[in-house]
Amino acid sequence: MARTGRRPGPTASREAILAAARRQFAEAGYERTSIRGVAADAGVDAALVVHFFGSKEQLFRAAVSWPFDPAELAPQLLGPGATGLGERLARAFLTMWDDPETSPRLLALLRSAMTNESFARLLREFVVTQLFRHLMEVVEGPDRELREELAAAHLLGIAILRVVLRVEPLASASIDQLVAQVGPTLDRYLQEG
């Protein structure tokens, strides 16, 4: 039987847990992955996983390396309700992509997901369980999941053209210019169809 508990040094244990979590979440999905299962895969005690990450949700965010907490962003996006959601969503998304702290991490996530299928599955699972879950609170009507994904695809396309490919004039447009153009389109996707 493999020895569980703490490995020598916090970095080795933490990294082993993250590697195991990435495997487990990619293979089994968020719902079927457990802290105990991740701990067993990493060869550590479940208490150590909780010590480092606190909860399954926080472990998931760390495994994906998402540079912000969707639960903290949700109130500012959704608090005012569905009216103007497209503009708020566009502004928050574009601001994160323009921020020198979050932009490199988002770019790394995007590139990883485009070249590695297991990471793509992990990122898809994150988007569904962490991001879209909050939108479901205000988006109603038929085909709401499809409409939410269309809004996400629209924003992701902008990020690729603006940040990755640096297509002009999109790359140098201000966030205010882009929000004015994109916000109403996102609202059309997100308003009851």
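Please state, to two decimals, what the Cα-based radius of gyration of region 129-168 comes to when divided by 2.2 N^0.38 Å (N = residues).
In units of the 2.2 N^0.38 Å rule of thumb, it is 1.43.
Post the alpha-carbon centroid distance, region 152-193 to region 52-102, in whole angstrom.
The two parts, judged by their Cα centres, are 17 Å apart.
Of the heavy-atom accessible surface of the chain (probe 1.4 angstrom), what whole percent is carbon and sulfur?
Result for the chain: 55 percent of the exposed heavy-atom area is carbon or sulfur.
Using +1 at the Cβ of each Lys and Arg and -1 at the Cβ of each Asp and Glu in the chain, identify which of Leu186, Ala153, Val50 lies farthest towards the dipole's positive end.
Val50
What angle do you read, to the nearest 10 degrees and between 0 and 90, between the alpha-carbon axis of helix 175-190 and the longest principal axis of the chain?
With both axes taken from Cα atoms, the answer is about 80 degrees.
Sorted by packing (mean other beta-carbon atoms within 10 Å per residue), highest first, where do 159-171, 20-32 land?
Order by mean packing, descending: 20-32, 159-171.
Based on Cβ point charges of +1 for Lys and Arg and -1 for Asp and Glu, what charge dipole magnitude is obtained for the chain about its Cα centre, in debye rounded to the nearest 20?
Approximately 840 debye in magnitude.
So how tilted is helix 10-32 from the main axis of the chain? Cα-based, degrees 0 to 90, rounded to 10.
Tilt relative to the chain: about 60 degrees.
Can you give me the angle between helix 144-159 and the longest principal axis of the chain, using Cα atoms only, in degrees from 0 to 90, rounded to the nearest 10?
90
Can you give the calculated 222 nm mean residue ellipticity of the chain, where each DSSP H run of n ≥ 4 adds -39,500 (n - 2.57) and the sum is split over every residue, rounded to the nearest 500 deg cm²/dmol?
-20500 deg cm²/dmol
Could you give the size of the charge dipole of region 21-107 about its Cα centre, using +1 on the Cβ of each K and R and -1 on the Cβ of each D and E, expressed in debye and rounded to the nearest 20?
I would put it at about 200 debye.
Using the heavy atoms of the protein chains and a 1.4 angstrom probe, tell me the accessible area per residue for region 1-124 in square angstrom.
Result: 53 Å² of accessible area for each residue.
The values are calculated or read from the model by the stated rules, or taken from the named source; none is laboratory data. Small disclaimer: the values here were computed from a predicted structure and weren't measured. No Cβ is skipped: glycine too gets one built from the backbone with ideal geometry, and neighbour counts run over all protein chains shown. Quick note on the areas: whole protein, heavy atoms, side chains included, nothing else; ligands and nucleic acids left out. Shrake-Rupley method; radii C 1.70, N 1.55, O 1.52, S 1.80 Å.
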